[in-house]
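Here is the structure we will look at, set down as structure tokens.
Laboratory data are not the source of any read-out in this text; all were calculated from the coordinates shown. In this text the structure is predicted, and so the values were computed from the model without any measurement. Don't worry about glycine lacking a Cβ; one is built from the backbone with ideal geometry, like all the others, and counts go over all protein chains shown.
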């Protein structure tokens, strides 16, 4: 059997499970194929299903730190790739005169994409691409399709070993199909109750035995069927389980009222959940 944790979908799943991240077969296959075919992996899904965490765990398996580019409205090339240290350039020109070049490595500030291209191997997480503008998407598409990274007045960097790129989207707007076509696409859904209970047990050792992890997973699954502003994700399930242990509560009902704020984060949602579970009534 190969020692390469990315040799097959099964080895990917095993390596991630060893880090308490439990992908289904589809996600493990998507990671394997993205690695094998050297394609960016485009992940969509509700908040809290583990899109960002996947890149973090893949990097950890590789023994490196992920390089994260957090997207937002107005992000541009300078924040994503590189920019020049103008203050340092100006001081240098004043000290040395105009005859010396200020477009050298000394004055270059590497941003996430350039850092990921330079580092081998590397994992580049482009987080929440749906928050960026159309112009940034177009630039990103051009960068992902090319094998070089051009820095005017400096040099063109050849991308010999491309980083493992993961893009995430929460679906706040539709990402252009041209960008998606360049990627291997996968939708991450909320786990089944059984899988979520296993995740809770793996992350909250105090609940390794007994049925509380199953009960928490069942209640969280029920919450996801309700018209909440934001359904709780796996991270919220784990946080609630840890709170139940800290509060020394043995049932979900006992922990729900004091720890509800770990599951739902809107007042209207909390009132809806309180009515559903009749919290505060005697």
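Kindly state, to the nearest 0.05, the FRET efficiency for residue 53 paired with residue 96, given R0 = 51 Å and r defined as their beta-carbon distance.
0.60
Hey, any idea what the orientation-averaged projected area of the convex hull of the range 223-282's Cα atoms comes to, in nm²? Please report the intermediate quantities before stating the final value.
Values: hull surface 15.8 nm².
Result: a mean projected hull area of 4.0 nm².
With Cα atoms defining each centre, the range 118-160 and the range 214-268 are spaced 39 Å apart in the structure. Springs between alpha-carbon pairs under 10 angstrom, Gaussian network model over the chain: which of 143, 93, 226 fluctuates most? With Cα springs under 10 Å in the chain, the top fluctuation among 143, 93, 226 is at 93. Extension gain, residue 248 to residue 8: 0.36 nm times the residue separation minus the Cα-Cα distance gives 82.2 nm. Computed from the C-beta positions of residue 266 and residue 33, the FRET efficiency with R₀ = 25 Å rounds to 0.10. A Gaussian network model of the chain, with springs between Cα atoms under 10 Å, assigns the largest mean-square fluctuation among 42, 107, 32 to 107. Where the alpha-carbon atoms of the range 169-282 are placed on the principal axes, they occupy 55, 32, 19 Å, in descending order. In this entry, the range 67-175 is assigned a mean projected area of 7.4 nm², taken as a quarter of its C-alpha convex hull surface. Each DSSP beta bridge with both residues in the chain is either parallel or antiparallel, and the antiparallel ones are about 30%.
Please figure out what share of the DSSP beta bridges in the range 1-158 is antiparallel and state it in percent, rounded to the nearest 5.
Working: 7 of 11 bridges.
About 65 percent, rounded to the nearest 5.
For the chain, the Kirkwood estimate of hydrodynamic radius, built from reciprocal distances between every pair of different alpha carbons, is 21.4 Å.
Once you reduce the range 170-212 and the range 1-77 to the center of their Cα atoms, the two points are 12 Å from each other.
By how many degrees, 0 to 90 and rounded to 10, does the Cα axis of helix 193-203 deviate from the longest principal axis of the chain? In the chain, helix 193-203 runs at an angle near 70 degrees to the longest axis.
For the chain, the longest principal axis of the alpha carbon atoms and the long axis of helix 25-37 meet at an angle near 10°. Using a Gaussian network model of the chain in which every pair of alpha carbons under 10 angstrom is joined by a spring, one finds that among 153, 134, 76 the greatest mean-square fluctuation is at 153. Normalised by the number of residues in the chain, the average gap of Cα pairs under 8 Å and 6 or more apart makes the relative contact order 20 percent.
Grab the Cα-Cα distance for residue 148 and residue 195, subtract it from 0.36 nm times how many residues apart they are, and report the gain in nm with one decimal. Walk me through the numbers on the way to the answer.
Values: separation 47, 0.36 × 47 = 16.92 nm, distance 4.19 nm.
Additional length available on full extension: 12.7 nm.
How much of the calculated P(r) for the range 127-196 lies past 16 Å, in percent of all Cα pairs? In whole percent, the share of Cα-Cα pairs in the range 127-196 beyond 16 Å is 59. Site pair residue 173 and residue 230 shows an inter-label distance of 1.9 nm when each label is modelled 7 Å from Cα along Cα→Cβ. Give, in nm to one decimal, the length gained when the segment between residue 103 and residue 72 is fully stretched (0.36 nm per residue of separation minus the Cα-Cα distance). Between residue 103 and residue 72, full extension yields 8.3 nm more.
Reported value for the range 100-237: 168 Å³ per residue, from the convex hull of its C-alpha atoms.
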